[in-house]
Every structure is written in C-alpha cells, then in structure tokens.
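Asks: Please read through the structure below; I'll follow up with questions.
Please treat every number below as a calculation from the coordinates, not as lab data. None of the values given here were measured: they were computed from a predicted structure. Every residue, glycine as well, gets a Cβ built from its backbone with ideal geometry; the counts of neighbours run over all protein chains shown.
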Amino acid sequence: LDAAYNYACTLHSEAKETTSCPSHLSTLSFEPSTTVGPLALMIDAIKWYKKAAEMGHAQASYNLGLCYATGEGVEKNIKKAAVWYMKAAKKGHMSAQYNLALCYDMQKQHEEAARWYTRSAAQGHKRANQNLSIMYQQSVVSSVYKCVSFHRAESIHIASSSLRAATSISNTSN
C-alpha cells in the first residue's frame with residue numbers, strides 16, 4: 001500500500017522536476033507508455049496513485065483528486081476529482097474534505113459543501129472555517145451547520161487550551 005503510494009510520489013516529483021506536462025496531451029493510460037519524459041512519468045504516477053488509492057490509501061486518493069482537479073497527467077475533470085476527494089475525505093483527510101467542499105460549493109450544493117467545510121474546519125483547516133463564515137453571512141446554509149461548527153470550534157479551542165496548559169505545567173516541572 002505505502003510502497004505503491006511512495007513510488008507514485010517519486011514518479012510525480014520526477015515529472016515535475018523534468019518539465020511541466022501539457023495537460024491537453026495527457027491521458028490516463030495503463031498501457032505501457034510509448035512516450036518518454038515527464039508525460040510518461042505522470043502517467044505512471046497516476047497509475048500507482050490509483051493502485052494505492054484503490055487499496056484505501058487516503059493521501060493517494062487525495063493526490064488523484066488534485067490531478068483531476070488541475071488536469072495534471074489526466075484530462076481535467078472536477079467530477080472525477082470529487083470522487084477521489086470523497087474517498088480520502090471519508091477517511092478523515094482534512095484537505096480532501098476542504099477540496100470536496102469546494103467541489104460542492106462550485107456546483108451550488110451549499111448544504112453538502114457546508115457539511116464538508118465543517119468537518120475540515122473541525123480539524124483546524126483555516127480556509128474551511130473562513131468559507132463557512134462567508135456562507136453564514138450570505139445565508140446560503142442553515143443555522144444547523146453554524147451551531148455544529150461553533151460547538152466543534154469551541155471544543156477544539158478548549159481542548160487545545162487544556163493541552164497548552166498541561167504542556168506548560170509539564171515543562172515547568174522538569
């Protein structure tokens with residue numbers, strides 16, 4: 001699982017270092033690559049990200065989502081990006097939750113966007129919290145998410161304050 005992901009990351013990095021892939025030429029292909037250079041590396045990276053993602057690797061799913069969202073190594077496709085973000089988001093991946101919320105927001109599915117922004121914000125994603133605030137100010141979501149978000153944020157604040165206090169006490173007693 002991690003080996004497939006790590007190999008994909010290596011290929012992805014090599015592709016970026018060589019030169020950028022022209023997105024209009026890139027496709028997802030699992031056939032042996034006949035091209036050389038960064039395009040071939042990206043195609044192979046996508047293949048290995050997909051293998052790792054299909055085995056449940058959250059970061060690989062997230063990376064596939066990014067590739068589809070940006071058109072890096074594959075044809076740009078926000079719906080496919082959302083599918084891969086969802087897989088990672090369900091495993092608790094904070095950035096995938098945020099990006100999934102963005103996908104829903106772009107489709108004007110504000111309640112679903114708020115649900116995923118809330119989950120991401122609860123883990124400390126600042127932009128998710130900012131986007132939730134904007135949604136409340138514009139009254140595009142119900143107050144249920146506002147209450148949930150506030151209570152989660154308050155719980156996180158209390159927990160982090162307690163942790164800082166405990167760490168401070170621990171450090172002063174050493």
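Asks: What's the ranking of 76-89, 112-125 by average number of surrounding C-beta atoms within 10 Å, highest first? The partial results should precede the final answer.
Replies: Working: 76-89: 19.7, 112-125: 21.9.
Descending mean neighbour count gives 112-125, 76-89.
Asks: Further question: Determine the distance separating the Cα centre of region 100-136 from the Cα centre of region 62-87; give it in Å without decimals.
Replies: What the calculation gives is 18 Å, centre to centre.
Asks: Quote the charge dipole size of region 61-128 about the Cα centre in Debye, to the nearest 20; the model charges only the Cβ of Lys and Arg (+1) and of Asp and Glu (-1). Intermediate results must be reported in sequence, preceding the final value.
Replies: Numbers: 11 positive and 5 negative charges, 34 e Å.
About 160 debye.
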